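To start, the structure itself, in structure tokens.
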Amino acid sequence: MYSTSSAPAKVILVGEHAVVHGHPAIALPLSQLRAYVDARESVFRLSISSSYAERAPFCWRKDESKSADPLMRTVALTARHFAAEALQGELVIRSDIPIAGGMGSGAAVSAALAKGVAALLGQELAKADLNSIVYEVEKLYHGTPSGIDNTVVVYERPIYYVKGQPIDFIEISCPLALVVGDTGVPSLTRAAVAAVRARLAREPRQTQQLFDRIGAIAEGAKAAIKVGDHGLLGMLMTQNHRLLQALDVSSSLLDRLVETALRGGAYGAKLSGGGRGGVMIALAPPDAVVAIEQALWRAGAKRVIVSSVGGEMAPS
Ligand code: MEV
């Protein structure tokens with residue numbers, strides 16, 4: 001038996017950080033950038049290896065569901081889900097997604113790995129069950145995740161997300177041309193989320209006002225997507241960036257890349273994800289994509305990814 005499972009990267013279009021505190025946000029899957037897990041039957045033991053981090057093979061024990069290692073926790077939770085008594089095989093992880101870059105690398109690796117474990121067991125995971133497993137593992141990465149990353153990565157569809165509410169899938173009939181600029185600076189979402197939480201405790205009124213304004217932007221962005229108004233959507237994204245600056249989760253390089261994209265003709269631009277490093281995104285008129293891409297490289301981006309989101313048929 002041999003199988004390959006995968007899961008996509010994601011970007012937060014609008015609403016990060018405020019979403020942790022109950023406000024809406026919009027996230028998009030970036031299908032061309034993925035984490036993969038090759039699963040192969042073998043005897044005696046379970047081995048997990050990864051092309052992006054050195055790992056010794058580990059032996060699976062049933063009590064790993066409390067493990068602080070995200071890979072072990074993913075395997076254990078999936079095995080427990082299927083009440084598996086034994087687990088053996090080879091799982092090889094590969095990923096195109098920058099680590100600690102705000103693009104959901106952890107969630108995508110967990111999702112692909114859980115699917116790989118299910119494949120070794122001759123099973124398939126329902127999306128809702130996969131989502132619960134990946135959410136549990138996200139707590140190791142994020143501390144107090146909103147659940148937006150695991151949800152967009154597992155369902156692989158654009159979502160308007162409010163913590164604790166049913167998933168609202170959004171259709172993007174008019175494709176969004178996105179240019180993603182990676183600062184190459186790793187940043188742990190857990191630390192940025194904790195800093196924002198500390199700020200909320202220190203300055204509750206002012207921080208809550210910032211969250212309220214970000215939430216209103218997410219609502220406006222949903223309406224702009226519906227009518228295909230990319231000019232308005234871009235303006236809202238840039239406003240969102242200014243509010244994230246006020247929350248102190250931007251960085252000088254992120255700001256430089258955002259301003260570069262705007263000068264290059266983007267409808268709007270902002271940091272995406274936890275911030276303080278990681279990536280920024282620009283919504284571009286199709287004929288400005290190449291110029292913005294080149295300008296971002298010149299301004300110091302370590303990697304630039306161009307993606308078109310939406311415009312396809314919704315999966316049935
Ligand atoms: C990370 O992609 C988005 C954050 O809002 C954290 C979360 O929602 O869990 C920063």
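The values are calculated or read from the model by the stated rules, or taken from the named source; none is laboratory data. Model, not experiment: these values are computed from the prediction. When we count neighbours, we look across all protein chains shown, and the Cβ atoms used for this are built from the backbone with ideal geometry, even at glycine. For accessibility, only protein heavy atoms count, side chains too; no ligands or nucleic acids. Shrake-Rupley method; radii C 1.70, N 1.55, O 1.52, S 1.80 Å.
For the pair TRP297 and CYS174, the difference between a 0.36 nm per residue extended length and the Cα-Cα distance amounts to 41.6 nm. Here the chain is assigned +1 on the Cβ of each Lys and Arg and -1 on the Cβ of each Asp and Glu. Its dipole about the Cα centre then comes out at about 680 debye. For segment 2-161, the Cα gyration tensor yields ellipsoid semi-axes of 26, 15, 14 Å (square root of five times each eigenvalue, largest first, whole Å).
Excluding GLN88 itself, calculate the net charge of residues whose Cβ lies under 10 Å from the Cβ of GLN88, where each Lys or Arg counts +1 and each Asp or Glu counts -1. Present the calculation step by step, with values, prior to reporting the outcome.
Details: positive: ARG45; negative: GLU41, GLU90.
Its environment carries a net charge of -1.
For segment 212-316, with only Lys/Arg (+1) and Asp/Glu (-1) charged at the beta-carbon, what is the dipole magnitude about the Cα centre, in debye rounded to 20? The partial results should precede the final answer.
Numbers: 11 positive and 9 negative charges, 56 e Å.
Once rounded to the nearest 20, the dipole reads 260 debye.
Multiplying the residue separation of ILE99 and ARG213 by 0.36 nm and subtracting their alpha-carbon distance yields 38.1 nm.
Give me the 1.4 Å probe accessible area per residue for the chain, excluding ligands and nucleic acids, in Å².
The answer is 42 Å² per residue.
A probe of 1.4 angstrom, applied to the heavy atoms of all protein chains, finds LEU178 with accessible area near 0 square angstrom. Evaluate the Debye formula for the chain with equal point scatterers sitting on the alpha carbons, no solvent, and hand back log10 of I(q)/I(0) at q = 0.08 Å⁻¹, in q order, two decimals. At q = 0.08 Å⁻¹ the computed log10 ratios are -0.35.
At 1.4 Å probe size, with the rest of the protein present, what percent of the exposed accessible area of segment 106-219 is carbon and sulfur atoms?
Working: 2460 of 4740 Å².
The computed percentage sits at 52.
Shape annotation for segment 172-309: C-alpha extents along the principal axes are 45, 34, 21 Å, from largest to smallest. Ordering GLY22, LEU200, ILE281 by the projection of their Cα atoms onto the charge dipole of the chain, which places +1 on the Cβ of Lys and Arg and -1 on the Cβ of Asp and Glu, puts LEU200 at the extreme positive end. Counting only the backbone N, which residues of segment 143-158 are under 15 Å from the spot 7 Å out from the Cα of SER31 toward its beta-carbon? The answer is 153-158.
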